[in-house]
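*Asks:* Quick one: this structure, given as structure tokens, is what I'll be asking you about.
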Ligand code: SF4
Ligand code: SF4
């Protein structure tokens, strides 16, 4: 395809387009200064976007009523993870009613693709993805989330209770 330009046509002049763009920018800037509430962009980090509670953001390890981890170290989440970013070390629990528990549970969040497969695979609602989406950090170690961060970070206010309760399951004979 060839484009034929007529010599001297106004469409070939650059200056009208440049001035129109500068005028639009000026008008938008003045409008934003006097109507900051209606601005499309957010003044991050002072002004943060609130996603729906259904948003699949940062992971949470849920806890039981006594505050201990709900995770049974079954490895289903780690097996389902397509990014191979969940590492779990299991140990026997001193309570014979609890078969196993994780002595270490880590998610390399820089590898995570936030697919939600770990949450889907978990049979006891021990890992969930919540509405938090910020993952700041200055060093590589900040992006390897351990049990302390996943279950007991300050934002979780003491831990998120799992929906699967062993006592109720035993009573119901499940
Ligand atoms: S969200 Fe997906 S990639 Fe991230 S830890 Fe879970 S299964 Fe792995
Ligand atoms: S989080 Fe759930 S799926 Fe993953 S090891 Fe623990 S109990 Fe199993």
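The values are calculated or read from the model by the stated rules, or taken from the named source; none is laboratory data. Treat the numbers as computed from the prediction; the structure is a model and nothing was measured. A quick note on method: Cβ atoms are made from the backbone with ideal geometry, for glycine too, and the neighbour counts reach across all protein chains shown.
*Asks:* Taking region 78-94, which residues are in a loop (DSSP other than H, G, I, E, B), more than 16 Å from ligand 1 (Cβ to nearest atom) and either closer than 12 Å to residue 118 by Cα or touching a strand residue (DSSP E or B) at 6+ places or on another chain (Cβ under 9 Å) (or both)? Step through it out loud before you land on a result.
*Replies:* Applying the first criterion (in a loop (DSSP other than H, G, I, E, B)) to region 78-94 yields 81-85, 93-94.
Filter once more, so that each one left must be more than 16 Å from ligand 1 (Cβ to nearest atom): 93-94.
Residue satisfying the conditions is 93 alone.
*Asks:* Next question. Just a yes or no: is a residue in region 49-72 at pLDDT 85 or above, part of a loop (DSSP other than H, G, I, E, B) and over 22 Å from residue 161 (Cβ atoms)?
*Replies:* Scanning region 49-72, I find no residue that is at pLDDT 85 or above, part of a loop (DSSP other than H, G, I, E, B) and over 22 Å from residue 161 (Cβ atoms), so the answer is no.
*Asks:* Still on this structure: Can you tell me how many residues in region 103-133 are under 18 Å from the mean Cα position of the chain (by Cα), assigned to a loop (DSSP other than H, G, I, E, B) and either near ligand 1 (Cβ under 8 Å from one of its atoms) or crowded, with 17+ Cβ neighbours inside 10 Å (or both)? Show your work before the answer.
*Replies:* Of region 103-133, the ones under 18 Å from the mean Cα position of the chain (by Cα) are 105-122, 125-133.
In the following step, the residues that additionally are assigned to a loop (DSSP other than H, G, I, E, B) were identified as 109-116, 122, 125-126, 130-133.
Restricting the remaining residues to those that are either near ligand 1 (Cβ under 8 Å from one of its atoms) or crowded, with 17+ Cβ neighbours inside 10 Å (or both) gives 109, 111-116, 122, 126, 130.
Result for region 103-133: 10.
*Asks:* Please pick out the residue among 17, 67, 21 that is closer than 23 Å to residue 155 by Cβ, away from ligand 2 (no atom under 13 Å from the Cβ) and surrounded by 10 or more Cβ atoms within 10 Å (Cβ to Cβ). Outline the logic, then answer.
*Replies:* On the way: 17 fails: closer than 23 Å to residue 155 by Cβ; 21 fails: closer than 23 Å to residue 155 by Cβ.
67 is the lone residue from the list that is closer than 23 Å to residue 155 by Cβ, away from ligand 2 (no atom under 13 Å from the Cβ) and surrounded by 10 or more Cβ atoms within 10 Å (Cβ to Cβ).
*Asks:* Let me ask something else. So for region 95-102 (the condition being free of Cβ contacts under 8 Å to residues at least 60 places away in the same chain, crowded, with 16+ Cβ neighbours inside 10 Å, farther than 12 Å from residue 59 by Cα and touching a strand residue (DSSP E or B) at 6+ places or on another chain (Cβ under 9 Å)), does at least one residue qualify?
*Replies:* Yes, the conditions are met somewhere in region 95-102.
*Asks:* State which residue pairs qualify: first residue without any contact (Cβ under 8 Å) to a residue 12 or more places away in the chain and inside region 19-37, second residue loosely packed, with under 10 Cβ neighbours inside 10 Å and assigned to a helix (DSSP H, G or I) in any location, beta carbons under 9 Å apart, and separation of 6 or more residues or different chains.
*Replies:* 31/38; 32/38
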